[in-house]
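So the structure is just underneath, and the comments pick up after that.
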Amino acid sequence: MQEMSEQDTLTEKRQKSKEMQTFIAASNAAAVSLSGAALKALLLLNGGAAIAMLGFVASMATGERVELLDLSEVVSVLQIYALGAGLAVLATGFAYVVMYFQAAVAQSFDIIDEEPYYRNSDKTILLYRLCNFFHVLSVSIAFASLGSFGLGVLWTGGIVAIASA
């Protein structure tokens with residue numbers, strides 16, 4: 001009877017482990033999807049802002065207030081938005097590198113005969129650290145892209161205020 005209880009406990013632990021692995025896989029898939037959407041949004045945000053700024057300049061150039069427009073300021077703002085768009089693309093590239101290293105980590109384990117049936121190989125820790133490094137780098141660059149958009153918005157506000165005066 002005692003043996004049956006231990007077997008039931010082992011079966012229950014394996015079931016819980018499978019449920020946790022399923023949850024982790026689903027959470028990771030959701031995170032990948034959401035990060036892709038966020039990076040696309042940053043690219044659209046900065047690119048759309050640059051296009052809107054060009055439209056503003058075009059409308060000012062055809063009006064009577066063209067002399068109020070400081071083209072060097074406009075070019076600087078356009079460069080800020082272009083930088084933000086470029087950073088979004090760079091962050092997307094590093095997000096791909098993170099996915100690559102996650103797969104490399106998963107493939108780097110040594111298979112063994114006892115629970116949990118795998119262990120870290122010589123490469124696992126290095127690959128895991130590289131994955132974390134590129135993850136932090138990608139997220140930091142994405143925040144820099146968002147910051148670039150915010151700076152461009154603040155700078156644009158000053159240009160619009162001067163041109164509207």
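Annotations
- Considering (1) under 14 Å from the mean Cα position of the chain (by Cα); (2) under 30 Å from THR11 (Cβ atoms); (3) among the polar types (S, T, N, Q), the lone condition that THR92 does not fulfil carries the number (2).
- Against the test of being at pLDDT 95 or above and either among the aliphatic types (A, V, I, L, M) or within 22 Å of ALA31 (Cα to Cα) (or both), the options ALA88, ALA103, ALA95, ALA163 yield a single qualifying residue, ALA88.
- When each of SER72, SER121, SER59 is tested for being in contact with a strand residue (DSSP E or B) (Cβ under 9 Å, 6 or more places away or on another chain) and either hydroxyl-bearing (Ser, Thr, Tyr) or not in a helix (DSSP H, G or I) (or both), the lone residue that passes is SER121.
- Residue within the range 145-158 that is surrounded by fewer than 16 Cβ atoms within 10 Å (Cβ to Cβ), over 16 Å from the mean Cα position of the chain (by Cα), within 22 Å of ALA49 (Cα to Cα) and modelled with pLDDT under 85 present: yes
- Candidates LEU43, LEU68, LEU10, filtered to the one that is closer than 17 Å to GLY157 by Cα and surrounded by 10 or more Cβ atoms within 10 Å (Cβ to Cβ): LEU68
- All positions within the range 75-129 that are of a type in the set (A, V, I, L, M, F, W, C), under 16 Å from ASN46 (Cβ atoms) and in contact (Cβ under 8 Å) with a residue 12 or more places away in the chain: VAL77, LEU78, ILE80, ALA82, LEU83, ALA85, LEU87, ALA88, VAL89, LEU90, ALA91
- Residue list for the range 95-118, filter: more than 18 Å from the chain's Cα centre (by Cα) and assigned to a helix (DSSP H, G or I): ALA104, VAL105, ALA106, GLN107, SER108
The values are calculated or read from the model by the stated rules, or taken from the named source; none is laboratory data. A quick note: this is a predicted structure, and the numbers were derived from the prediction, not measured. Please note: Cβ atoms are built from the backbone with ideal geometry, for glycine as well, and neighbour counts cover all protein chains shown.
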